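Reading through the structure tokens given below for one structure.
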Amino acid sequence: MRIARTLSPGHPDRLCDMLAETILDEYLRRDPATSMRVHVSGGRGAIFVSGVVSSKADFDVGSLVVRTAAALGVRKHVEPFVSLESVPGSFVLEATRSSRPISVTGYAAAESEESLPGHVSLSRRLAKKLEDARQRDPEWFWLSPSFEIIVAESYGHPPIIHVNCGHGEEDLANVRARIKQLFNGETSGMDVRVNHNGPIRANGLDVDMGNSGISADPYGSGIYIRESVIGYDPSHPVKFGSWLARGLASMTLRRTGSKAVMVQAVYLPGESAPSYLRVRNERGADLADPTDADGMRYAKLASMLRYGLNADAARWGFAGEAGLPWEPVDPGSALDASA
């Protein structure tokens, strides 16, 4: 069985991801040389921000947290508790980098337009449909900003779709009917289960708890990802390596006509280029090009960085989203152009 889970931007865990990456983006906007690790958790009126940072930037992180949480659907007042330790530049590598080898994985599959596994693509499309209805249609006023879509797919059987969402006082039977109608064009012949265990009157960070960096399955349950990219600045190999590995997998898939491509890379401590790089297709054939290792360096990504990129990559996931520079959507994309 393959399982994909897509969280809305207002889901407690994804919202904490968005807060962490928005804080990081603001530091980088004010000081592009910022090095940082940040973690966000909390809920029910309190949000905790902790981490280490080396930066010349100085701003009110708490105010940014309050504004961003409100924009993502938190209705009640939140009290931010911020503990970001300022680390002198001479100790930045010790504080923000790992002394262990970093392993990253990138994956692409010829199952969807986004080069994602089919069940992952379906889960994300349905989540975006629901978010779009919530934001644009006043008749969906009852839908909470916090929801999740789970697609469970067994070989030879139609996928089962689980939707878990808060709906206030709206009758559950009507909620189920509206969501099934919204999804009808995408889920014909599939079993769509909305709040299968019963009504969810309230959810989200107002009444629940969240943590950043715990939702690390951009390719679904079948592809193991060792570590989330959330909370790392882009010069850290966990982040730039994961982003570039996805880009390399996508481009190799397109170049070779394979059904699937997996990229695995290992960065030794203090190195910005991988000491080990493997590029394989679904048959295990070696597809690596002599230039691939050079394309997995941080310098490859550095020129593509822009304000808001970290938060944009966190909203729905860093894989398969148009507008992210490592996604080779067309021959003129940023990653291709810089090759």
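Side notes on the structure shown:
- Arranged from fewest to most other beta-carbon atoms within 10 Å of their beta carbon, I3, I230 become I3, I230.
- Ranking of D208, D233 by count of other Cβ atoms within 10 Å, fewest first: D208, D233
- Cα-based shape type of the chain, given that a ≥ b ≥ c are square roots of the gyration tensor eigenvalues and the cut on a/c is 1.5: oblate
- For the range 150-261, the Cβ-based charge dipole about the Cα centre amounts to some 580 debye (Lys, Arg positive; Asp, Glu negative; other atoms uncharged).
- Shape category assigned to the range 12-91 from the gyration tensor of Cα positions, a/c cut at 1.5: prolate
- Restricting attention to the chain, close to 75% of DSSP beta bridges with both partner residues there are antiparallel.
- Normalising the average separation of contacting C-alpha pairs (under 8 angstrom, six or more residues apart) by the number of residues puts the relative contact order of the range 12-91 at 32 percent.
- 10 Å Cβ shell holding at most 14 others, DSSP loop, chymotrypsin sites (Phe, Trp or Tyr not before Pro): longest site-free stretch of the chain: 225-306
- Student exercise, the chain dipole from Lys, Arg, Asp, Glu Cβ charges, in Debye to nearest 20: 320
- Charge-dipole axis of the chain as Lys and Arg at +1 and Asp and Glu at -1 on Cβ define it, positive-most pick from T187, M18, A177: T187
- Low-density loop positions, trypsin sites (Lys or Arg not before Pro), the range 48-77 - DSSP coil, at most 16 other Cβ in 10 Å: K56, R75, K76
- Residue-count net charge about M1 - beta-carbon cut-off 15 Å; Lys, Arg +1, Asp, Glu -1: -1
- Dividing the mean sequence gap of close Cα pairs (under 8 Å, 6+ apart) by how many residues the chain holds gives a relative contact order of 25 percent.
- In loop segments of the range 127-169 as defined by DSSP, the GluC sites (Glu not before Pro) with at most 12 further C-beta atoms inside 10 Å of their C-beta are E169.
- Under 20 Å of direct C-alpha separation, and excluding same-chain neighbours fewer than eight residues apart, K180 reaches these aspartates and glutamates: E131, D132, D137, E139, E148, E153, E169, E170, D171, D191.
- Selection from H157, V38, L116, by position along the positive dipole direction of the chain (Cβ): H157
- Distance between the C-alpha centres of the range 8-33 and the range 256-319: 22 Å, rounded to the whole angstrom.
- Helix runs (DSSP H) in the chain reaching 20 Å along axis by Cα, Kyte-Doolittle at least -1.0: 12-30, 237-256
- Charge dipole magnitude, Cβ of K and R +1, D and E -1 - the range 12-91, Cα centre, debye nearest 20: 220
- With helices as the sole contributors, the chain gives -9000 deg cm²/dmol at 222 nm; each DSSP H run of n ≥ 4 counts as -39500 (n - 2.57), and the sum is divided by every residue.
- Cross-link pairs beyond the 24 Å C-alpha cut-off, checked among K56/K239; K129/K259; K259/K300: K129/K259; K259/K300
- With both residues required to sit in the range 12-91, DSSP beta bridges show an antiparallel share near 55%.
- With neighbours defined as other Cβ atoms within 10 Å of a residue's Cβ, the residues S123, S63 order from fewest to most as S63, S123.
Since every read-out is calculated from the coordinates, none of them should be taken as a lab result. The model shown is predicted, which means the values in this text are computed figures rather than measured ones. Neighbour counts run over all protein chains shown; Cβ positions are idealised from the backbone, glycine included.
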